[in-house]
Amino acid sequence: MSFDILVLHSDRSTGMNFVQCLQEAKRQGWGKDINIIGLSSHPLRMQLCKNDATYLFDEDDTDIVKHVGRIEKDIGKPIDLVYETKSAVYMLDISKLRNRLPVFLPPHELVEVFEDKFLTYKHLSERGLPVPETHLVNSPEDVEAAFRSIAKNAVWVRETKGQAGLGAFSASTPKEVIGELTQRNGWRHHTVAEKLPINTPNTWEDQLSSDFFPGEMVTWAALYNNGQLIGSQVRKRLYWEHADLTVSGVTGYSGANMTVSRRDVHDLSDKIVRSFDWKPHGAVGIDYVADENGKIKLTEIQASRFYTSTYPLALLGLNLPKLYIDVFRGKETCNDAINPCPEGMIYIQRFGAESVMIHRDTILSELSSGTSRPKFAAGSLGNSSHGPLKHEF
């Protein structure tokens with residue numbers, strides 16, 4: 001009997017990364033009974049999917065239960081797990097269907113907190129955990145009060161529920177914010193927050209180090225099993241791809257990520273996750289940005305799904321989606337694999353180009369000499385001059 005997992009929005013980068021991880025594990029002999037089924041809303045983009053089977057659906061038809069029923073009728077058995085690859089309203093919607101669909105999610109009340117940036121801020125700030133000062137704005141008076149309290153030259157405005165920089169912008173005066181939110185009818189679902197120094201010019205030596213400098217973006221991804229850590233990894237996000245195409249500079253698609261072995265980031269993230277009323281269970285991710293002093297502050301919690309850059313971790317040995325399925329199925333897994341990936345490995349991706357995995361020492365050497373050596377595709381890690389990089393956890 002097959003184990004059938006349905007991946008929603010499988011033609012998006014988060015979905016494709018998740019599926020690639022599972023297919024990589026299957027190539028290595030894992031999950032011979034796993035059948036990966038994906039939903040796609042685009043007949044052309046679905047050609048890029050790596051699912052075992054892909055079903056086309058109308059994106060305007062949001063009745064997921066109906067889609068699941070259609071697939072179950074086709075395959076002749078119930079779907080075993082539904083995995084949502086998008087956050088915000090998509091994750092909230094699937095969470096509300098947990099009594100009708102098989103999902104692997106935190107309690108719904110926690111999903112509501114994780115998917116609301118102001119509720120997340122409120123919870124963490126009350127416990128003294130590092131977050132940028134944030135205000136929910138219900139009126140022009142709230143905007144003016146937020147500027148007085150934050151007392152900086154610029155603020156960051158975000159939707160309380162959103163992803164990939166949706167609706168985010170920077171402003172230097174209350175008038176700018178009030179005008180924009182009035183035009184959008186955005187009162188009561190936007191926040192005004194301390195603007196962290198994103199896009200601060202740092203040297204390549206600093207960017208490719210394991211230290212944190214102003215404006216740098218840090219990501220922690222983890223998997224838990226009823227309070228027991230299974231595995232986690234810290235990375236620096238070196239830049240957003242196509243950042244020039246959005247007002248905020250955030251696209252949700254990482255151009256390059258680098259593994260770092262910062263135990264302090266793991267310990268802080270684990271403390272944050274455990275500050276909520278639950279035994280952590282399932283996928284959890286946290287985004288940070290370093291402030292003017294290089295101290296990281298949480299900007300977002302992504303519980304319930306993995307990031308767009310999960311696949312390179314699988315190539316380096318930490319296959320979180322594979323372990324996610326194992327935990328859901330009650331299979332024995334590893335424990336406490338904290339930052340197991342080799343440090344300083346950079347995964348570089350861009351539309352239209354073959355992705356590359358390379359060590360930071362190679363980049364720094366090229367910066368010093370001004371010359372380039374042959375690169376290897378991300379799947380050719382055995383060719384790296386830094387030795388074998390694949391390990392299984």
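Tabulated data for the structure shown
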item	result
Segment 139-161, subset part of a loop (DSSP other than H, G, I, E, B) and surrounded by fewer than 19 Cβ atoms within 10 Å (Cβ to Cβ), residue modelled with the highest pLDDT	Ser139
Test: residue in segment 192-204 that is without any contact (Cβ under 8 Å) to a residue 12 or more places away in the chain and touching a Phe, Trp or Tyr at 6+ places or on another chain (Cβ under 9 Å)	yes
Conditions (1) farther than 24 Å from Ala378 by Cα; (2) surrounded by fewer than 18 Cβ atoms within 10 Å (Cβ to Cβ); (3) not β-branched (Val, Ile, Thr); number of the one not met by Ser40	(2)
Filter pass, Lys73 being modelled with pLDDT of 95 or more, out of contact with any strand residue (DSSP E or B) (no Cβ under 7 Å at 6 or more places or on another chain) and either within 21 Å of Tyr324 (Cβ to Cβ) or not in a strand (DSSP E or B) (or both)	yes
Scope segment 18-57; condition polar (S, T, N, Q) and assigned to a helix (DSSP H, G or I); matching residues	Gln20, Gln23, Gln47
Pair list, Cβ < 9 Å and 6+ apart or interchain, from segment 171-186 residues that are surrounded by 13 or more Cβ atoms within 10 Å (Cβ to Cβ) to residues that are of a type in the set (Asp, Glu)	Ala171/Glu180; Pro174/Glu144; Ile178/Glu144; Gly186/Glu159; Gly186/Glu180
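The values are calculated or read from the model by the stated rules, or taken from the named source; none is laboratory data. The model shown is predicted, which means the values in this text are computed figures rather than measured ones. A quick note on method: Cβ atoms are made from the backbone with ideal geometry, for glycine too, and the neighbour counts reach across all protein chains shown.
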